[in-house]
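Working notes, beginning with the structure itself.
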Amino acid sequence: MLKFKDALINFKNDNVRELSLSDGGMRFLKLRSLSRKDQMGYLIEKASLDFSGIESKGWLKKLYESNITCQMIDDAIQELYVSEREDRKVTENDLVNELYKVQSFEWGGLHQNSLEKTIINNYVKKIKSYDILSSAIENELHNSMRAYVLASWYNHWTSIIIEDIFKDHKNVVPAVGLIKKVDFFIKNKPFDLKVTYLPEGYIKDKRKASGLKPELTVMKKISRRLKITFDKDMSDSFLIPDLWRKLDDHPDPTTIKLISELQQCREGILDDCVENPENLVQWLYENQGVRRFDASNRLFLVLVDKGNFFESWKLKRAKSLIESVVTSYLDGVSDNPGFKLTFNWESNKYITESDAIFVIKE
């Protein structure tokens, strides 16, 4: 069996996929997922192991090298999860109801992972007048912070609900503690769950590959001809839906034809993604940001509202719809879920295993 020190080195180097390919590596990952002292203590007591005189920081190594079976580890994980899950089940329906009160999803111009830096750069270091700073806090920062907190709250609780849908299934072993790059194991394969939408960048690249101009380019051109006003300083992510809505509401026959063509193109790209998910998944791996890069096994849950692509974020709270699709996927999953994928990132080649599940509202 893989030596503990080698398993630990692999884990520290983020070689989760490599670990999952061996029995010893999988044993390490599942034990490591019991990250809290009380969780490991539960397994030790359940297995009737004598760890007296051993400090808690040495429990992982001792458990790994013990004769405890993989089935006992799985059973302990499931029992711990069921216990924790009961508390969330009691309030889950009420929580979903609260999530439906969110009417918009924006970060308010404040960037995730660098909130303090954004405030320091845009307010603390930029403004020298107390009165101007006070006014900016009241009229700008207050609204931005409210939007940021609401978006973070929405993301947090919808993510927990979605993860529980997976973890409740019989073919899934949860990661009950904090373990990097692993949310759960499907048929003994670790996956990091990523909830996403059909990326605007992917749509742009697919249109280019088909010899089509970017959506924004063609919408700007017709907007100028029809004298439709738009904010030239608005970011593309906001300007695309802004112009789409304005053109969709315009009675001119050319706008009706254009929006129909854009919609059909998006639906064609989506159909291709469903038929050939490897292309989208590879794009998602290769277009990661530097701060969030990794090559671990990822399971992408892609949410798409075909009636309004720009409001697909609302589907994160569509618990019944997501549950129906995810349960169907997990019921029929093979003993070797997903597919092997090779991708390039910053001139380096990586190998991972991944899959995509599409939740589509017609």
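Every read-out reported here was derived from the displayed coordinates using simple, explicitly stated rules and does not represent laboratory data. The structure displayed is predicted, hence computed values, not measured ones. All Cβ positions, glycine included, derive from the backbone under ideal geometry; neighbour counts span all protein chains shown.
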(request) Would you order Thr196, Thr255 from fewest to most other beta-carbon atoms within 10 Å of each residue's own beta-carbon? (result) Thr196, Thr255
(message) Just to be sure I understand, if you calculate log10 I(q)/I(0) by the Debye sum over Cα atoms at q = 0.06, 0.10, 0.11 Å⁻¹ for this structure, which of (i) -0.35, -0.79, -0.88; (ii) -0.30, -0.79, -0.93; (iii) -0.22, -0.62, -0.74 do you get?
(response) (ii)
(request) Give, in nm to one decimal, the length gained when the segment between Thr196 and Thr229 is fully stretched (0.36 nm per residue of separation minus the Cα-Cα distance). (result) 8.8 nm
(request) Treat each spin label as a single point 7 Å out from the Cα along the C-beta direction, and report the Ile160 to Asp271 distance in nm. (result) 4.1
(message) What FRET efficiency comes out for Asn143 versus Lys187 if R0 is 56 angstrom and r is the Cβ-Cβ distance? Round to the nearest 0.05.
(response) 0.75
(message) Just to confirm the filter: which trypsin sites (Lys or Arg not before Pro) across segment 236-316 are DSSP coil and have at most 15 other Cβ within 10 angstrom of their Cβ?
(response) Arg291, Arg292, Lys306
(message) Given R₀ = 56 Å, what would the calculated FRET efficiency be for Asp236 paired with Ile9, taking r from the Cβ atoms and rounding to 0.05?
(response) 0.85
(request) Divide by every residue of the chain the summed helix terms, -39500 (n - 2.57) for each DSSP H run of at least 4, and state the resulting mean residue ellipticity at 222 nm, rounded to the nearest 500 deg cm²/dmol. (result) -16500 deg cm²/dmol
(request) Return the sequence-ordered ³J(HN,Hα) values of segment 203-214 in whole Hz as given by the Karplus equation 6.51 cos²θ - 1.76 cosθ + 1.60 applied to θ = phi - 60°, using x for Gly and Pro. (result) 4, 4, 5, 5, 5, 4, 5, 8, x, 9, 6, x
(message) Give the residue list of trypsin sites (Lys or Arg not before Pro) in segment 133-229 that are DSSP loop and have at most 15 other beta-carbon atoms within 10 angstrom.
(response) Lys170, Lys180, Lys187, Lys227
(message) Please report the antiparallel percentage of the DSSP beta bridges confined to segment 168-362, to the nearest 5.
(response) 50
(message) Counting only other residues whose beta carbon sits under 9 Å from that of Lys180, what net charge do I get with K and R as +1, D and E as -1?
(response) -2
(request) For Glu286 and Ser52, calculate 0.36 nm times their separation in residues minus their Cα-Cα distance, and state this gained length in nm to one decimal. (result) 79.4 nm
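Antiparallel as a % of all DSSP beta bridges within the chain, to the nearest 5?
Antiparallel: roughly 50 percent of the beta bridges in the chain.
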(message) Quick check: pseudo-label points 7 Å beyond the Cα along Cα→Cβ at Ser22 and Ser210, how many nm apart are they?
(response) 4.7
(request) In whole Hz, with x marking every Gly and Pro, tabulate ³J(HN,Hα) for segment 144-154 from phi via Karplus 6.51 cos²θ - 1.76 cosθ + 1.60, θ = phi - 60°. (result) 5, 5, 4, 5, 5, 5, 4, 5, 5, 4, 4
(request) Quote to one decimal, in nm, the extra length available between Asn348 and Thr327 on full extension: 0.36 nm per residue of separation minus the C-alpha distance between them. (result) 4.0 nm
(request) Give Lys181/Lys306; Lys5/Lys57; Lys167/Lys306; Lys30/Lys314 a once-over and call out the pairs whose C-alpha atoms are over 26 Å from each other. (result) Lys181/Lys306; Lys167/Lys306; Lys30/Lys314
(message) Just to be sure I understand the model, the point goes 7 Å from the Cα along the line to the Cβ. What's the resulting Lys306 to Glu98 distance in nm?
(response) 3.5
(request) For segment 24-124, state which trypsin sites (Lys or Arg not before Pro) are in a DSSP loop and have at most 11 other beta carbons lying within 10 Å of their beta carbon. (result) Lys101
(message) I'd like the FRET efficiency for Lys37 and Ser334, computed as 1/(1 + (r/R0)^6) with the beta carbon distance as r and R0 of 45 Å, rounded to 0.05.
(response) 0.80
(request) With θ set to phi - 60°, apply the Karplus curve 6.51 cos²θ - 1.76 cosθ + 1.60 along segment 275-288 and write out the HN-Hα couplings as whole Hz, x wherever there is a Gly or Pro. (result) 6, 10, x, 4, 5, 5, 4, 4, 4, 5, 5, 7, 10, 6
(message) Taking amide H atoms as placed 1.01 Å from N in the peptide plane, list the residues 5 or more away in sequence, or in a different chain, whose amide H sits under 5 Å from that of Arg36.
(response) Leu178
